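Structure record follows, encoded as structure tokens.
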Amino acid sequence: MAEQTEVCNYLTHEVKKMKIAVLAGGKSTERNVSLSSGSKITDALRAKGHEATMIDLFLGYDLQEGQTVEDVFETSNTDSDYEIQTDVLTDADIEKLRTDGTVGLFGKNVLEILRAADFVFLALHGGDGENGKVQAVLDLNDIKYTGSGTLASGIAMDKAISKEIMLYNDIKTARFVVLHEEDGIHPQLDFGFPVVVKPNSGGSSVGTMIVHDEEELADSLRDAYRFDDEIIVEEFITGREFSLGVVNEQAMPAIEIVVNDGWYDYEHKFKTGTTTQFITPPDIDEEVHDEMKRVAVKTMKVLGMTNYGRVDFLVNDQGVYVIEANNLPGMTPLSLLPQEAEAAGISYEDLCESIILGKQKLYQEAEK
């Protein structure tokens, strides 16, 4: 398959085995999702022969007496039985997990371990994991990592800014307004109901609601402000929902998401049996599929994203609309990108290794 050849062309020669720190957990509302991604990525990279270990960004790592940071890479530090909890954790919930008295986003020994790694695989999702802050720290410490850089990560995480850039580059996306708490819970909209309310810098549909009238809008805004001080309200566009990953500039096959009941919210994304997904459904027009691939690659380019990502779409008779771009898409057992890669003939293990090697190539080109 063409996709397999392009994405995996880094694997045609012997790959140097590396010490890889898989950075997961953190302090965002998507902490539980990140831990699932991190566990699976770590196990995959160890299966490829790398010395991969998972490190919790926020909780850090306690070195035992006589243990060095180099020794940390000898074990995976994963929980093979880990299952995503559907409860959304607040900052207070997560802060209770840290009992060593340290402060700040980076837990004990984290930065030292990351410096000892040949590469860091970012398995973080949401909040400070995706908004460029962690990437900035790694850049300042000359630590190599997967995914997009600091600026592109911040742009992609900010829905309003990324949508403005898309519209400027003639990429279709829903009309929207940005609200702050001082705007109140009864704002004036340029479009009618239903609308979609979501935190401007959130992910995994946490705090997102589809609302149908003024009363629902007020309630949803109160809820959304628990997760962000900036809220985006979009016009509701009907259509079929698709997602399409891009790895090393190569678009994957599109996957259609059909929710058995309701809509594709946090629970549907991470609870088995709540959705039906179709890889390149047979009734999708080939030209429409090609257009999604073209727009996905273009969207990542105009937002400055590199290495890998995922773009979500709504498709109807008026065309292909981008919902949003994800700069660190989920890599859990139920996540979309691994399913798309599998449909292209790319194993999960090869996908993870190709992401690292693709970013490694970008670093090498930048150093020339």
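The values are calculated or read from the model by the stated rules, or taken from the named source; none is laboratory data. What you are looking at is a predicted structure, and each value in this text was computed from that prediction instead of being measured. Note that each Cβ is placed from the backbone with ideal geometry, even for glycine, and that neighbours are counted across all protein chains shown. Only protein heavy atoms, including side chains, enter the accessible area calculation; ligands, DNA and RNA are left aside. Shrake-Rupley method; radii C 1.70, N 1.55, O 1.52, S 1.80 Å.
Some values worked out for this structure:
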| read-out | value |
| --- | --- |
| Complete set of residues in the range 335-351 that are open to solvent by 10 Å² or more (accessible area, probe 1.4 Å), within 20 Å of Val15 (Cα to Cα) and in contact with a Leu (Cβ under 8 Å, 6 or more places away or on another chain) | Glu349, Asp350 |
| Pick from the range 160-192, criterion of a type in the set (D, E, K, R) and outside any loop (DSSP other than H, G, I, E, B), ranking: farthest from Gln318 (Cα to Cα) | Glu182 |
| Set Gly107, Gly101, Gly127: member being of a type in the set (Gly, Ala, Ser) and in contact (Cβ under 8 Å) with a residue 60 or more places away in the chain | Gly127 |
| Among residues of the range 32-46, those that are open to solvent by 10 Å² or more (accessible area, probe 1.4 Å) and closer than 19 Å to Glu95 by Cα, counted | 2 |
| Matching entry among Thr150, Thr173, Thr146 (being hydroxyl-bearing (Ser, Thr, Tyr) and over 26 Å from Ile94 (Cβ atoms)) | Thr173 |
| Any hit, the range 310-320, residues being open to solvent by 50 Å² or more (accessible area, probe 1.4 Å), of a type in the set (S, T, N, Q) and modelled with pLDDT of 90 or more | yes |
| Search result, residues across the range 60-74 that are hydrophobic (A, V, I, L, M, F, W, C) and part of a helix (DSSP H, G or I) | Val69, Val72, Phe73 |
| Complete set of residues in the range 285-327 that are within 14 Å of the chain's Cα centre (by Cα) and farther than 19 Å from Val196 by Cβ | Met300, Met305, Thr306, Asn307, Tyr308, Gly309, Asn327 |
| Residue among Lys293, Lys298 that alone is open to solvent by 50 Å² or more (accessible area, probe 1.4 Å) and either touching a Ser or Thr at 6+ places or on another chain (Cβ under 9 Å) or not assigned by the TED database to the domain that holds Met18 (or both) | Lys298 |
